[in-house]
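Enquirer: A single structure is presented below for examination.
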Amino acid sequence: MLKFRIVMFVVLFPLIGIGQIQNEKVVNEQVQSMFSLNNTITFDKHWGVLADFHLRRDDFVDNDSFYMVRGALAYITENKKVLALGYGHMWTAPSNPGCTTFSNEDFTYQMLDLNSKIGNVSILNRFRNEQRWQQVIVNDAWTGEKVFSNRVRYLASFNIPIFKKKTLPSLVISDEIFVQFGKNIVYNTFDQNWFFVGIKQSITPKLSFDFGYMNVYQQKKSGYQYDMNHTLRLFFYYKNNANSIVHVGHHS
């Protein structure tokens, strides 16, 4: 009888553990807004820098979500591929009510942009690999520890003209998936997915924006909790040559 009990314990214990881990999926829906300024400054036909700033707000615009700055050195190939190596920093607001301590994150990244066209449709395939160092916050205070992880991102974006006049907006549809790895990534290898649909509009030959709806679907560390963020997105894009900027500066 004792042997039978031991055998049953060995067989059933893993199943009990699995039952405890496999909680019912919980999805938290909320409304956000996200704004960014993305800059590309070239020095010549091959070299340039990328610099951008991102701001995201929860409860539409009422509460902080995160702030991020990012910069990179870029190399443009003859067939318009873009290779970049850069660094960024993010300040993430606490999600627990009553907490005030932001979590800081430093990251380095490598990027490859592939631009192509099928008929009138412009297609962007973007690959990013990020190395991330995130502060560990416990009881609304930094513990002095940082967690390292690696994240891979893939974006497919389609710019579709809907009017013959180039001064009128075009339709943009894109999707970006985030997958992360590391010894501290246990239940959420899938990190998040950004689906966007909206318009792209030129303001000047060097400045444009896209505006529309973005769905940010993110898996939390627990593995069974998810955020479904309905996001109003407004991104600006500025492209110029450094010589032109210097020339304008001398003029003024």
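The values are calculated or read from the model by the stated rules, or taken from the named source; none is laboratory data. Computed from a prediction, not measured in an experiment: that's the story for all the values here. Every residue, glycine as well, gets a Cβ built from its backbone with ideal geometry; the counts of neighbours run over all protein chains shown. The protein model used for the area step is the full one, side chains on, heavy atoms only, and it has no ligands, DNA or RNA in it. Shrake-Rupley method; radii C 1.70, N 1.55, O 1.52, S 1.80 Å.
Enquirer: Is it fair to say F127 is closer than 21 Å to T40 by Cβ, of a type in the set (F, W, Y) and either touching a residue at least 40 places away in the same chain (Cβ under 8 Å) or open to solvent by 50 Å² or more (accessible area, probe 1.4 Å) (or both)?
Expert: Criteria met by F127.
Enquirer: Which residue is nearest to the chain's Cα centre (by Cα), if the candidates are limited to the range 198-235 and must be more than 30 Å from N184 (Cα to Cα) and β-branched (V, I, T)?
Expert: Filtering the range 198-235 for residues that are more than 30 Å from N184 (Cα to Cα) and β-branched (V, I, T), the one nearest to the chain's Cα centre (by Cα) comes out as I199.
Enquirer: Please indicate, with yes or no, whether at least one residue in the range 182-202 is modelled with pLDDT under 95, under 18 Å from D58 (Cα atoms) and surrounded by 14 or more Cβ atoms within 10 Å (Cβ to Cβ).
Expert: No, that holds for no residue.
Enquirer: Go through the residues of the range 100-109 one by one and say whether even a single one is out of contact with any strand residue (DSSP E or B) (no Cβ under 7 Å at 6 or more places or on another chain), without any contact (Cβ under 8 Å) to a residue 40 or more places away in the chain, on the phi < 0 side of the Ramachandran plot and of a type outside the set (V, I, T).
Expert: no
Enquirer: So, K80, is that one assigned to a loop (DSSP other than H, G, I, E, B) and closer than 30 Å to K164 by Cα or not?
Expert: yes
Enquirer: State yes or no: is S202 within 23 Å of N229 (Cα to Cα) and touching a Pro at 6+ places or on another chain (Cβ under 9 Å)?
Expert: Judged against the criteria, S202 is not a match.
Enquirer: Could you check, for the range 20-29, whether at least one of its residues is open to solvent by less than 80 Å² (accessible area, probe 1.4 Å), in a helix (DSSP H, G or I), modelled with pLDDT under 50 and out of contact with any helix residue (DSSP H, G or I) (no Cβ under 8 Å at 6 or more places or on another chain)?
Expert: Checked the range 20-29: no residue is open to solvent by less than 80 Å² (accessible area, probe 1.4 Å), in a helix (DSSP H, G or I), modelled with pLDDT under 50 and out of contact with any helix residue (DSSP H, G or I) (no Cβ under 8 Å at 6 or more places or on another chain).
Enquirer: Does G86 fit the bill of being among the small types (G, A, S) and part of a strand (DSSP E or B)?
Expert: yes
Enquirer: Could you tell me whether K166 is out of contact with any helix residue (DSSP H, G or I) (no Cβ under 7 Å at 6 or more places or on another chain), closer than 30 Å to N96 by Cα and basic (K, R)?
Expert: Against the criterion (out of contact with any helix residue (DSSP H, G or I) (no Cβ under 7 Å at 6 or more places or on another chain), closer than 30 Å to N96 by Cα and basic (K, R)), K166 does not qualify.
Enquirer: Just checking, which of Y238, Y224 is aromatic (F, W, Y), touching a strand residue (DSSP E or B) at 6+ places or on another chain (Cβ under 8 Å), under 29 Å from F43 (Cβ atoms) and open to solvent by 60 Å² or more (accessible area, probe 1.4 Å)?
Expert: Step by step, each of Y238, Y224 is checked, and only Y238 is aromatic (F, W, Y), touching a strand residue (DSSP E or B) at 6+ places or on another chain (Cβ under 8 Å), under 29 Å from F43 (Cβ atoms) and open to solvent by 60 Å² or more (accessible area, probe 1.4 Å).
Enquirer: Now for a separate question. Answer with yes or no whether D52 is part of a strand (DSSP E or B), modelled with pLDDT of 95 or more, farther than 25 Å from S122 by Cβ and within 19 Å of the chain's Cα centre (by Cα).
Expert: Answer is no for this residue.
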